[in-house]
Every structure is written in structure tokens, then in C-alpha cells.
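The values are calculated or read from the model by the stated rules, or taken from the named source; none is laboratory data. What you are looking at is a predicted structure, and each value in this text was computed from that prediction instead of being measured. Here the Cβ positions follow ideal geometry from the backbone for every residue, glycine too, while neighbour counts run over all protein chains shown. Protein only, heavy atoms only, side chains kept; ligands, DNA and RNA dropped before computing areas. Shrake-Rupley method; radii C 1.70, N 1.55, O 1.52, S 1.80 Å.
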Amino acid sequence: MNPGHARAKNSSSGRGRGRPPNPELRTVKHQRMLKAAMDLFVDRGYEHITVEQIARAAGQSKGAFYWYFKDKEDCLAQIVHAYAQMMDQSLAQATSNAAGTASSRLMAVSDYRRWCDRDFQRFIMLLNGMAHSRSPSVRQMALSLGGQWSRNGFSMVKQLMKDASRE
């Protein structure tokens, strides 16, 4: 047994190395890491950013990065998934207004302000950068998401237009 390892386990906190014990703290650190990565990927491009730069920008160590992500591409995939979910929820909320008519729901979807949101614009910039990436798997991730959004969005708008024409 390594004596140094035993000392680390028997530290005054009563726990060994690893993830922070507080689940809220883990969530905050994970979100901070995702935000730092998103900002760096948009501002400098996926290929030009290292894991160490992401960790440093989030105020964390490189080792902490690997607690939350398998690698840089996993980090990117988590960002894309989180933003895609957020955008889907926003659209679902706009279109599921039960009190509104189909015309009002269609107007809510086409509201220019919704699509000028800074987060949405930065996400589109990220997807655009991904579509031009040197990494085939990153390009495929962007194309897959873009295709999925196009199909879902087209179907939703088509149905709203049919419903609105019947009103």
C-alpha cells in the first residue's frame, strides 16, 4: 500500500480524493465547465481549444474536467445536447399554449425576438463551426442535429399552418 495514498484518504475531511461531496457543487462546477467550453468553442473554434484551456477558464483543474467528461468531444456533445433540449423546450412551450389559437401559436414560433436571443445565436455559431470542423465525428454531430431540427421544425410549422388555415 502506498503510504501517500493512505494519508490522502485519512485527511482531516475524512474522505479521499474525488468528486466534491455536495451534489449541488458538482452541478455548479459541471455547468461552469460547460459554459467555459461553449464560450471558448464559439470564440476560438473547437480545434483550437484544449482541455486544459477549458478547465482553466472554468477555474478548475484538468483532472476535474475528466470527472465530468470522457474527452473534449464528450464535452461538446453535452453542450449540444443541453442547448438542443433548451431550444426544443422553448419551441414546445411556444406551441403548446392551449388557450391560444393555432395562429397565435404560429406567431409565437415566428417571434423574431425569440431567435435573436444571445444564447440561441451563440449556439447557432457553435453548430456552424462544428459543420466546418476537421473532425468527421464533430461534423456528423452538427449535421445530425441540423437534420433533426429541420425535420421536427418543419413538421411542427406545417401542422400549425394547417391548423391556422382551418380557423
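Here M130, M156 are screened, and the one residue that is open to solvent by less than 50 Å² (accessible area, probe 1.4 Å), farther than 22 Å from L40 by Cα and either assigned to a helix (DSSP H, G or I) or of a type in the set (A, V, I, L, M, F, W, C) (or both) is M156.
Of the candidates R122, R151, the single residue that is open to solvent by 80 Å² or more (accessible area, probe 1.4 Å), assigned to a helix (DSSP H, G or I) and not aromatic (F, W, Y) is R151. Of all the criteria given as (1) assigned to a helix (DSSP H, G or I); (2) touching a residue at least 60 places away in the same chain (Cβ under 8 Å); (3) under 30 Å from V157 (Cβ atoms), the one not satisfied by M86 is (2).
For region 133-148, give me each residue that is surrounded by 14 or more Cβ atoms within 10 Å (Cβ to Cβ) and part of a helix (DSSP H, G or I). Within region 133-148, V138, R139, M141, A142, L145, G146 meet the criteria. Within region 31-70, the residues that satisfy the criterion of being under 14 Å from M130 (Cβ atoms) and open to solvent by less than 50 Å² (accessible area, probe 1.4 Å) are A37, M38, L40, F41, V42, G45, Y46, I49.
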